Amino acid sequence: MSNAHQRPLRILLAKLGMDTHTVGITIIAHALREAGMEVIFTGLKQTPEMVAAAAIQEDVDVVGISTLSAGHTRNLPKLARLLREAGAGDKLLLAGGVIPEEDRPLLEEAGVDRTFTMGSDTRDIVAYLNEWWVQQLAADA
Amino acid sequence: MDVAKELLSGTILAGARAIRWLDDGDPRGARTLAEIFPHTGNAHIIGITGPPGAGKSTLVNALISEQRRRGRRVGVIAIDPSSPFTGGAILGDRVRMGKHTLDPDVFIRSIGTRGQAGGLARSTHDACLILDAMGYDLVLVETVGVGQDEIDVVALAHTTVIVGVPGLGDEIQAVKAGLMEAGDLFVINKADRDGYEDTYRQFELMLHLRAESKALSSDDWSPPLLRAVAVKDEGIAEIVDAIDQHKAMLQNTGEFGLRSAQREREQALTLTCTEIMRSIRQSADPAILSAVEKREIDPYSASQLLIKNWQEGRGT
Ligand code: B12
Ligand SMILES: Nc1nc2c(ncn2[C@@H]2O[C@H](COP(=O)(O)OP(=O)(O)OP(=O)(O)O)[C@@H](O)[C@H]2O)c(=O)[nH]1
Ligand SMILES: [Mg+2]
């Protein structure tokens, strides 16, 4: 009975801390909306605690963080831990923005499922999410 | 996780999941609702509606703070439009309510309209029941930015707050036509803006006309007209006072329970109609439809045939 059309993927998009680079997150939000997803936008200056709480209230499938002003090696692992502790560790955690290659192993280890950095094609991001969502729906059926 | 049991004891994760199921039309949602329904009927449902950009979310943010000051637990359902083309949505009302995210006694949920007209989402009613069952004292329902005939929230809420703003120009006509008859409380937000006095007078006049046309009805509530600067928390306590007075009036007259009862009755009928429509569409004989396409049968006669076939198909 459920299919991707009746059950749009819900994703929360946020920025942590003092990072005010808004271009990337805005482009992503619109691309995902165009792809039929429900994007919950929580705004700037969020803390990992706020993102975790909002992600649970909204029952999103995916949490996406846009990070261009460093701090990601600290706040992304913290967010992943908070989600796990709150019983929401099954949500997909994505990050994008300025994330140096050498930080990726640490982030992956901490529970960030995938990173998309500068120059990523939004079509690839949409395709990645659609593929993941189809698998989730199939597993749930 | 036993979602129904958990949400009745207030677990956010469970309540959030139940709302998701109901929004998605997942059968687990209806099963959960059946279990929690006996525990509903307590929350005061307050609709916040008005044109796009009137400051509804900003006002809701300020109203949450004031309600929390009064010791109440607050649920919020914020509705934004889904794209009619892709079904996707950007739900951004929360941005204005960020300071309440970490308050364990505030639950905010964003919902897309998913094709529903009328200013609400199809699942809004169900989401209100879930928050009610979770023990929130009140539920603030922010509609999408509305025009004149998107007033479904009136049937849902005990108390409807209409938010206007200075300088609506022609839009005030729209507000007049549909919303003026509907509201229990009128707030002119952005009272710090030019044109506030004019707008206030226009609203005053329209409320006066409304009072005259309702003079013969038994409705003895005269809707207050209030001012607010939501961004500066001005006028907020007065709005909550008026909301409380309206609730007290509803309770004293028995209207509170009546409105809830009527809402559930209507919901039962709406669900029935939706299901029957789906069933008729699904069972419609393609031969009859193609005869209409070829102009061999007119649409009226075809519809009689389709209904007859549908009833027979169901053995009635
Ligand atoms: C424009 C810009 C600004 C503008 C921002 C305007 C605005 N409103 O956004 C202004 C001038 C204000 C600004 C200010 C600053 N900036 Co600046 N800025 C940039 C610049 C040139 C481009 C950023 C941009 O908009 N890119 C275009 C978008 C589309 O790309 P994107 O954000 O990367 O997004 C793409 C992907 O990363 C991905 N993505 C992004 N987010 C997400 C999220 C999810 C969930 C997913 C799936 C994908 C995804 O998808 C997008 C599409 O491909 C970058 C340089 C650079 N090469 O990135 C520096 C840069 C980010 N800034 C930098 C710095 C240091 C600053 C300042 C601190 C001071 C300064 N030197 O100017 C200030 C302070 C800002 C603050 N408080 O956060 C540094 C950051 C260094 C670091 N992280 O180590 C950079 C890298 C420049 C540099 N090389 O030094 N900046
Ligand atoms: N000057 C002034 N601006 C306000 C006031 N209240 C809200 N705003 C601004 O009006 C804009 C829209 O506010 P929102 O609260 O998002 O309005 P909304 O009615 O929820 O908008 P939609 O949900 O998109 O229909 C924001 O930029 C607010 O800061 C106010 O009292 N005075
Ligand atoms: Mg809003």
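Throughout, read-outs are computed from the coordinates displayed, never taken from laboratory work. Nothing here was measured: the structure is a model prediction, and the numbers come from that model. Cβ placement follows ideal geometry from the backbone for every residue including glycine, while neighbour counts extend to all protein chains displayed.
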Per-residue HN-Hα couplings for the stretch B:7-13 [Karplus 6.51, -1.76, 1.60; θ = phi - 60°; Hz; x = Gly/Pro]: 6, 5, 8, x, 5, 4, 3
Where is the GNM fluctuation largest for chain B (alpha-carbon springs, 10 angstrom cutoff): B:Pro81, B:Pro299, B:Pro224? B:Pro299
Per residue of chain A, what 222 nm ellipticity follows from adding -39500 (n - 2.57) for every DSSP H run with n ≥ 4, rounded to the nearest 500? -14000 deg cm²/dmol
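Expressed in nm to one decimal, what extension gain is obtained for the pair B:Arg69 and B:Gln251 from 0.36 nm per residue of sequence separation less their Cα-Cα distance?
Length gained between B:Arg69 and B:Gln251: 63.3 nm.
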The simple spin-label model distance between A:Ala138 and B:Ser213, using points 7 Å out along Cα→Cβ, in nm, is 5.8 nm
Note down the nm distance, to one decimal, between modelled labels 7 Å out along Cα→Cβ at B:Leu205 and at B:Asp149. 2.6 nm
Which ³J(HN,Hα) values, rounded to whole Hz and listed in residue order, are derived for the stretch A:120-130 from phi using the Karplus coefficients 6.51, -1.76 and 1.60 in 6.51 cos²θ - 1.76 cosθ + 1.60 with θ = phi - 60°, glycine and proline given as x? 4, 7, 4, 5, 5, 5, 4, 4, 4, 5, 4
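Considering only the other residues whose Cβ falls under 12 Å of the Cβ of B:Leu138, what net charge follows from Lys and Arg at +1 and Asp and Glu at -1?
Charge balance in the 12 Å sphere: 0.
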Using amide H atoms built 1.01 Å from N in the peptide plane, name the residues 5+ places from A:Thr67, or on other chains, whose amide H lies under 5 Å from its own. A:Gly96, A:Gly97, A:Val98
Rank the residues A:Leu107, B:Leu13, B:Leu102 as a footprinting-exposure proxy: fewest other Cβ atoms within 10 Å of their Cβ go first. B:Leu102, B:Leu13, A:Leu107
Treating each Cα of the stretch A:65-104 as an identical point scatterer and ignoring solvent, apply the Debye formula and state log10 I(q)/I(0) at q = 0.16, 0.33, 0.35 Å⁻¹. -0.41, -1.15, -1.21
Would you please give the residues with an amide H less than 5 Å from that of B:Ala78, counting only those at least 5 places away or on a separate chain, with H modeled from the backbone geometry? B:Arg109, B:Ser110, B:Ile111, B:Glu142
Test of understanding: what is the full-extension gain from B:Ile307 to B:Glu264, defined as 0.36 nm times their sequence separation minus their Cα-Cα distance? 12.7 nm
Between the stretch B:266-289 and the stretch B:153-168, what is the separation of their alpha carbon centroids in Å? 32 Å
Which residue, B:Arg263, B:Arg295, B:Arg109, tops the fluctuation ranking in a GNM of chain B built on C-alpha contacts under 10 Å? B:Arg295
Highest GNM mean-square fluctuation, chain B, Cα pairs closer than 10 Å: which of B:Gln267, B:Gln245, B:Gln304? B:Gln304
For a test of the definition: using alpha carbon positions, the gyration tensor, and the 1.5 limit on a/c, classify the stretch B:50-201 as rounded, prolate or oblate. oblate
Taking square-rooted eigenvalues a ≥ b ≥ c of the alpha carbon gyration tensor, is the protein assembly as shown rounded, prolate or oblate, where a/c under 1.5 means rounded and, failing that, a/b exceeding b/c means prolate? oblate
List, in order, the whole-Hz ³J(HN,Hα) value for each residue of the stretch B:285-295 obtained from phi through the Karplus relation with A = 6.51, B = -1.76, C = 1.60 and θ = phi - 60°; use x for Gly and Pro. 5, x, 5, 5, 5, 6, 5, 5, 4, 7, 6
Measure nothing but the geometry: give the 0 to 90° angle between the long axis through the Cα atoms of A:48-57 and the longest principal axis through the Cα atoms of chain A, rounded to 10°. 10 degrees
If each residue's Cβ is checked for other Cβ atoms within 10 Å, how do B:Ile288, A:Ile99 rank with the fewest at the top? B:Ile288, A:Ile99
Cα long-axis angle, helix B:299-313 against chain B (0 to 90 degrees, to the nearest 10): 80 degrees
With the crude spin-label approximation of a point 7 Å out along Cα→Cβ, what separation in nm comes out for B:Asp194 versus A:Glu34? 3.7 nm
Fewest to most Cβ atoms within 10 Å: A:Leu9, B:Leu306 sort as B:Leu306, A:Leu9
What length, rounded to one decimal in nm, is gained on full extension from B:Arg295 through to B:Ile276, with 0.36 nm per residue of separation minus their alpha-carbon distance? 4.2 nm
